[in-house]
Amino acid sequence: MKIARNKVVTFHYTLFDEAGERIESSVESGPAAYLHGRNNILVGLEAELAGKQAGDELKITVPPELGYGLRVDDAVTRVPIKHLIKPGKLAAGKVVAVNTASGPRRAIVTKVGRFNVDVDFNHPLAGKTLVFDVKIVDVRDATEEEIAHGHAHGPGGAHDHS
Ligand code: ZN
């Protein structure tokens, strides 16, 4: 079965940055599953997976524009510490959740002050060219429920939103 819109694709991947440094891998977390054609994964990854099938192995290079986007300089901003959700002990590099007008958003602390912190709302992988080693494990038809929800429910189609 070939990968096309409304197929559920299960795959293993290892992600490297442009310099070949390993960032993460599904080897530890178990294979990833997504619903094809519904914007569930990076645009650059989805485009290259179309038409492939179980057993195929690919190396896919995703430029920032088709990955996590370019870095935005004004995404670095100063917020009151009281706007952080359960801030705990703050230090540069710590990932925090910030209460914003549009709901909680993840950010990385860049500088800690007495009452405020500087945080960077850019995705940690923004601005990076990513290299994925992908092995396609399985391709199946999505269930009606998955098509209605617009996402995959895990390798077997069982309902699980974790
Ligand atoms: Zn669902």
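Points worth noting:
- Size of electric dipole in the chain: Cβ of Lys, Arg +1 and of Asp, Glu -1, about Cα centre, debye, nearest 20: 780 debye
- Sites residue 77 and residue 1 - FRET efficiency at Förster radius 41 Å, r taken between beta-carbons, to 0.05: 0.30
- Distance between the modelled labels on residue 27 and residue 56, one decimal in nanometres: 2.4 nm (7 Å Cα→Cβ projection).
- Listed cross-link partners 2/128; 52/135; 89/128; 82/111 are compared with a 19 Å cut-off, the Cα-Cα value being larger for 2/128; 89/128.
- Using θ = phi - 60° and Karplus 6.51 cos²θ - 1.76 cosθ + 1.60, couplings along region 88-97 (whole Hz; Gly, Pro as x): x, 7, 8, 7, 4, x, 6, 8, 10, 10
- Positive-end extreme of charge dipole, region 56-160 - chosen from 139, 91, 67 (charges on Cβ): 91
- Cα gyration tensor shape for region 1-156, rounded if a/c is under 1.5, else prolate or oblate: prolate
- What the phi angles of region 48-59 give under the Karplus curve with 6.51, -1.76 and 1.60, with θ = phi - 60°, is a coupling list of 6, 7, 4, x, 7, 9, 3, x, 5, 10, 9, 10 Hz, glycine and proline written as x.
- Amide proton proximity set for residue 25, modelled H, under 5 Å, gap of 5+: 15
- Region 34-98: translational diffusion in µm²/s, Stokes-Einstein, Kirkwood Rh over Cα pairs, 20 °C, 1.002 mPa s: 138 µm²/s
- Residues whose amide H falls under 5 Å from that of residue 90, counting only those 5 or more places apart or on a different chain, are absent, with hydrogens built in the peptide plane.
- For region 53-154, the relative contact order works out to 38 percent when only alpha carbon pairs closer than 8 Å and six or more residues apart are counted.
- Once the Cα-Cα distance is subtracted from the 0.36 nm per residue extended length, the residue 137 to residue 102 segment shows a gain of 8.9 nm.
- In this structure, the amide hydrogen of residue 130, modeled 1.01 Å from its nitrogen in the peptide plane, lies closer than 5 angstrom to those of 62, counting only residues at least 5 positions away or on a different chain.
- For region 5-75, diffusion coefficient by Stokes-Einstein and Kirkwood Rh (Cα), 25 °C, 0.890 mPa s, µm²/s: 181 µm²/s
Only the coordinates and a few stated rules stand behind these numbers; no lab work does. On a predicted model such as this, the values are computed, not experimentally measured, just so you know. So basically every Cβ, Gly included, is an ideal-geometry build from the backbone, and we count neighbours across all protein chains shown.
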